[in-house]
Amino acid sequence: MSEVTVQGELQIPTGETDNSAVFWTMGSYYGLVVLVVFVLIPARCGESCGGRDGRAGEAGAPGRDGYQGAKGEKGEAAVKFQGPVDEAALRRLKGEAGRRGEQGTMGPKGYRGHLGAPGLPGEPGRPGPEGKGIGHGGQGAPMARSAFSAIRTINTYPAVGRVITYQNTVVNTPEGDNKDFNAATGQFTCRVPGVYYFTFNSVAKVSMCVDIASEALVNKLGFCDYNKNTEQVLSGGVVLQLTAGQKVWLESFRDQQKDNERRDNQEKQTIFSGFLLFASPE
């Protein structure tokens, strides 16, 4: 076996031909040549081989918000100013007005205030329409009147179950002989239909019981007062709707009086009165 020396660098054995060894030797040689070319080219180009600067790239999309930072440390306490306060300076340092707060709940009702001063008198009103007469000759119909007041002055006790009669008449309408109240019979006879008020007062030294009776009443109205003092006062009253011809009167009745009281002849007085409140419409 013999060896072949190439330029004193690589020895290849002779006598046996190996294609792979030859290929490897040639490849190494050409690789060395290429390396020398790449090393020498930059040294020769210098600045004339440099490229131009490229244009600026487009702006990228905005990035996402970062995480919230950690809470800072507590600051030092403010130093209180000693001396006079400049209000104008404080007003200049006033912050912006905050937003309007929500409406609060209604509080409790307050105490009633004092009565205010009376107002000024109002202006007089306009005159009303002219009235119209309902009677003959443009004159209004005369107002109906009916009233009486009679006094019983005798000292005997009124007979039980009998109409009380009177010795003195103070008022008795109308004028003339045809009066509404008859003192001798003790009865009032309705002449003007309407609403009437009747009342009585009795003074005695013994117990008394008196009924207000009328054809307009279903039951009589009884009033009693029993003697506990020296003078005994009894009173009663009623309002009645009467039609023409109906009568009203007083009469005595027995309840709890003692027998000796009904025989009493001491001083007594009974006043019976009545009058028309308003006439019934025709």
Within region 263-274, the count of residues that are crowded, with 17+ Cβ neighbours inside 10 Å and more than 23 Å from V218 (Cβ to Cβ) comes to 5
Do the conditions hold for E123, that is, is it at pLDDT below 85, of a type in the set (D, E, K, R), assigned to a loop (DSSP other than H, G, I, E, B) and open to solvent by 100 Å² or more (accessible area, probe 1.4 Å)? no
*Condition test on I271, is it closer than 17 Å to A159 by Cα, under 53 Å from the mean Cα position of the chain (by Cα) and either modelled with pLDDT under 90 or in a strand (DSSP E or B) (or both)?*
no
If we ask which residues in region 226-253 are at pLDDT 80 or above and either open to solvent by 90 Å² or more (accessible area, probe 1.4 Å) or farther than 18 Å from T173 by Cβ (or both), their number turns out to be 13
When region 146-178 is checked residue by residue, the ones that are in contact with a strand residue (DSSP E or B) (Cβ under 9 Å, 6 or more places away or on another chain), among the hydroxyl-bearing types (S, T, Y) and within 19 Å of V203 (Cβ to Cβ) are S149, T153, Y157, T165, Y166, T169
Checked N182, N201, N219, N178 against criteria (in contact (Cβ under 8 Å) with a residue 24 or more places away in the chain and of a type outside the set (G, A, S)); the one match is N201
The number of residues in region 207-266 that are polar (S, T, N, Q) and part of a loop (DSSP other than H, G, I, E, B) is 11
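The values are calculated or read from the model by the stated rules, or taken from the named source; none is laboratory data. From a predicted model like this one, the values you see are computed outputs, not experimental measurements. Ideal geometry is used to build each Cβ from the backbone, glycine not excepted, and the neighbour counts take in all protein chains shown. Note: accessible area is taken over every heavy atom of the protein model, side chains too, but ligands, DNA and RNA are not part of it. Shrake-Rupley method; radii C 1.70, N 1.55, O 1.52, S 1.80 Å.
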